[in-house]
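The values are calculated or read from the model by the stated rules, or taken from the named source; none is laboratory data. Computed from a prediction, not measured in an experiment: that's the story for all the values here. Don't worry about glycine lacking a Cβ; one is built from the backbone with ideal geometry, like all the others, and counts go over all protein chains shown. Protein only, heavy atoms only, side chains kept; ligands, DNA and RNA dropped before computing areas. Shrake-Rupley method; radii C 1.70, N 1.55, O 1.52, S 1.80 Å.
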Amino acid sequence: MNDKQKKPQKLKARLPRGFVDRTAGDIRAVNEMTAKIREVYEHYGFDPLETPLFEYTDALGKFLPDSDRPNEGVFSLQDDDEQWMSLRYDLTAPLARHVAENFNEIQLPYRTYRAGYVFRNEKPGPGRFRQFMQFDADTVGAPGVQADAEMCMMMADTLEALGIKRGDYVIRVNNRKVLDGVLEAIGLGGDDKAGQRLNVLRAIDKLDKFGPEGVALLLGPGRKDESGDFTKGAGLDKEQIDKVLFFVGITDYAESAVRLAELVAGTARGGEGVEELNFIGALVTSAGYGPDRIKIDPSVVRGLEYYTGPVYEAELTFDVTNEKGEKVVFGSVGGGGRYDGLVSRFMGQPVPATGFSIGVSRLMTALKNLGKLGATEVIEPVLVTVMDGDVEAMGRYQRMTQELRAAGIRAEMFQGNWKKFGNQLKYADRRGCPVAIIQGGDERAEGVVQIKDLIEGKRLSGEIEDNASWREARVAQETAPEADLVAKVREILAAQAEDRKRASSGFETPYDPAQAGDTDDDV
């Protein structure tokens, strides 16, 4: 019998499926983007709100528990009082709960925006994650579609504030009531047809995925996919299918408006929906938003089980190259609509609401494709090296670091094993530090520091071949009084910024320190 104890197994470091770590570059890009979005929302008079990541599961609407563990679509746990809580699935249901819980204190119309992570307990896949960020804006307590029109205008302004030019995006608008009118017109009105109407809505939601032919099969007898699995259809006849496909196939509303009005004639909701679409169209046009920016488009079929009136979608229309090297249209980066029933669930009285959500990760990808994100220069910190470990020396190194920070310059004092100085410079090189500050005992006795231009030093080591070139080059290391530390570092950073500017513009001009001016904004 082997009495030797088994060596303990190391814990394997691994991410849960469908989740990702965010690096500094990604975080800065998101911060840059969300700051611009917030600025637009604030200009429109919207105020921020933050709700917790967890909500009681029954507050999440369609994802109510229907088994012992309510894990359909959401991540859930049971509280110590045996109530089920779930990570929020979106930012809208928590808003509805907040409004209902604080209804007497809230000033209606309530205009708010929220940004945060949401969680989906779904199978992850390429580009499909279980945790992702959304940025929402909503107006609660405004029954008129002028609130929906304003949402569409704010979406357009947001995209332009992010650098997406006109012609590269469009806000497409439809109305759920018009589709209800179409369904009523083809004989699917009334409570007894609710199940069939739901099947029709689900079929229409597959338009982007399966195209008109696939949707026609789902509206009719059913559809078999490539694996042989069969999905039962809604059971409509050819005339009914043709009318539904006509509606979702409209691309030019002006040309089809008359025929659409005829199709829903005699249905109250259909007529009301057409009037609302026309009203939104007139409002946005009066405000200077033409069809190149906001377009009435009945082919928008998002969230048909959820929305009760106008629906809208922000679509990017420019081409990008996918992982296969193919040119594809980028597509939707967000959308929303009117959801008058959600807050009412908690209130027992009608509470109108409308809002939209931006998919932050997807929009960030689009902005990177356009070169509109990540252009803000991030300068790595100046490194104050450590030559001696006594209290007096350490205090001086820390004071230098704080002086640089107080001047608005990123700086850090080396915190590793200071006894191997070569490792400090290796650290600075790998970190991309632009400048190193060096002070040994001799320099400290004289009240001076060595300031090393690491960027120029690296360039010189690779390019300079003779003494004449060395004499003409910018000094890569110089001695300066401690009192001049901040000014000298600023001068070096300004020179480096000028070098980067010349490199990016494709031509070289001599650097003149006298032309650098005040460089606070550059660092």
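Miscellaneous remarks
- Only Cα pairs under 8 Å and 6+ residues apart enter the sum, and on that basis the relative contact order of the chain stands at 12 percent.
- Couplings for segment 331-342, taken from phi via the Karplus curve 6.51 cos²θ - 1.76 cosθ + 1.60 with θ = phi - 60°, read x, 6, 10, x, x, x, x, 8, 10, 5, x, 6 Hz in order; Gly and Pro are left as x.
- Among the protein heavy atoms, those of MET387 account for about 70 Å² of accessible surface (1.4 Å probe, every chain in place).
- Selection from MET347, VAL40, SER361 lying farthest towards where the dipole of the chain points positive, charges on Cβ: SER361
- For peptides 41-50, 222-231, sequence by mean Cβ density within 10 Å, most packed first: 41-50, 222-231
- Those aspartates and glutamates that a straight Cα-Cα span of less than 16 Å connects to LYS372, excepting residues fewer than 8 apart in one chain: ASP26, GLU32, ASP157, GLU160, ASP168, ASP319
- Å² per residue, accessible surface of the chain at 1.4 Å: 54 Å²
- Measuring nothing but protein heavy atoms, the accessible surface of the chain at 1.4 Å probe radius is 50 percent carbon and sulfur.
- q = 0.06, 0.09 Å⁻¹: log10 I(q)/I(0) that the Debye formula gives for the chain, counting C-alpha atoms only: -0.45, -0.84
- Solvent-accessible surface of protein heavy atoms, probed at 1.4 angstrom with all chains present, puts SER86, SER256 in the order SER256, SER86, largest first.
- Phi-based couplings in Hz for segment 482-490 (Karplus 6.51, -1.76, 1.60; Gly and Pro marked x): 3, 5, 9, 3, 4, 4, 5, 4, 4
- Here LYS6 and LEU53 are evaluated by their C-beta separation; at R0 = 41 Å the FRET efficiency comes out at 0.55.
- For segment 83-163: rounded, prolate or oblate by the Cα gyration tensor [a/c cutoff 1.5]: oblate
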